[in-house]
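I have placed the structure first, in the form of structure tokens, so that the comments after it can refer back to it.
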Amino acid sequence: MTGAVLATDEFPATAAGYRGLLKWARKSGVVRRAGVEGTGSYGASLSRYLLAQGVDVFDVNWMDRADRRRRGKSDPLDAQNAARAVLSGRACARAKSGDGPVQIARMYKLTKASAVKPRTQAINQLKAVLITADPALREELAGLGNAELFRTCARFTETSDRAETGGGSRYCRPLGSR
């Protein structure tokens, strides 16, 4: 309760490591509260494990930069600062369980964002290529929406195919437009 360091040890970020950590901590007494950095990201699985074991978990912010410069950066120091933040009441944000409807919505949002970004990049890249295209082709494609633009461009034949079949245009035409 006074904030004195009783012991330090290291545990892997695995299910077995989490079990070992809690077993080790309980050797010093009852574990009611724990401070974890990054309960919504890299500390989420440890937080969920501790919550499932009946431990109140508090999200702990990184230690003060000035303190970090004075004392240095190390995992034992970070753990001591997290414990002191919980004991002093500075860490008052309780960690979320990460298994409810909000977490499910967050996963859907992340999945959507990971699909939208490459799509946007592909659209931007195609439009950048069209800027340097033959003016007649550019004018032909100018009024198309993104989906129709992609469908139209997907039907283009390569110049080499046109040359082999005796095509006459200076640029590729959609298939079936000859």
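The values are calculated or read from the model by the stated rules, or taken from the named source; none is laboratory data. A quick note: this is a predicted structure, and the numbers were derived from the prediction, not measured. Neighbour counts run over all protein chains shown; Cβ positions are idealised from the backbone, glycine included. Quick note on the areas: whole protein, heavy atoms, side chains included, nothing else; ligands and nucleic acids left out. Shrake-Rupley method; radii C 1.70, N 1.55, O 1.52, S 1.80 Å.
Filtering the range 17-30 to residues that are open to solvent by less than 60 Å² (accessible area, probe 1.4 Å) and under 31 Å from the mean Cα position of the chain (by Cα) leaves 17, 18, 20, 21, 22, 25. Within the range 100-156, the set of residues being closer than 30 Å to residue 39 by Cβ, of a type in the set (A, V, I, L, M) and open to solvent by less than 80 Å² (accessible area, probe 1.4 Å) comprises 105, 113, 115, 116.
For the range 32-48, give me each residue that is touching a helix residue (DSSP H, G or I) at 6+ places or on another chain (Cβ under 8 Å), surrounded by 18 or more Cβ atoms within 10 Å (Cβ to Cβ) and modelled with pLDDT of 75 or more. Show your work before the answer.
If we filter the range 32-48 for residues that are touching a helix residue (DSSP H, G or I) at 6+ places or on another chain (Cβ under 8 Å), which is where we start, we get 33-39, 45-46.
Filter again for surrounded by 18 or more Cβ atoms within 10 Å (Cβ to Cβ), leaving 34-37, 39, 46.
If the condition is that a residue be touching a helix residue (DSSP H, G or I) at 6+ places or on another chain (Cβ under 8 Å), surrounded by 18 or more Cβ atoms within 10 Å (Cβ to Cβ) and modelled with pLDDT of 75 or more, then 34, 35, 36, 37, 46 are the ones that fit.
Pairs linking a residue in the range 103-129 that is within 20 Å of residue 150 (Cα to Cα) to a residue that is surrounded by 10 or more Cβ atoms within 10 Å (Cβ to Cβ) and at pLDDT 85 or above, with Cβ atoms under 6 Å and 6 or more positions apart or on different chains, are 123/146.
The set of residues in the range 5-16 being small (Gly, Ala, Ser) and open to solvent by less than 70 Å² (accessible area, probe 1.4 Å) consists of 7, 15, 16.
Remark: pairs (first residue in the range 71-94, under 13 Å from residue 56 (Cβ atoms) and surrounded by fewer than 16 Cβ atoms within 10 Å (Cβ to Cβ); second residue at pLDDT 75 or above and charged (D, E, K, R); Cβ separation under 7 Å; 6+ apart in sequence or on different chains) = 93/59; 94/56. Taking helices (runs of 4 or more DSSP H) that fall entirely within the range 62-175, which contain at least 2 residues that are at pLDDT 75 or above? Ranges flagged: 75-88, 101-131, 135-141, 146-154.
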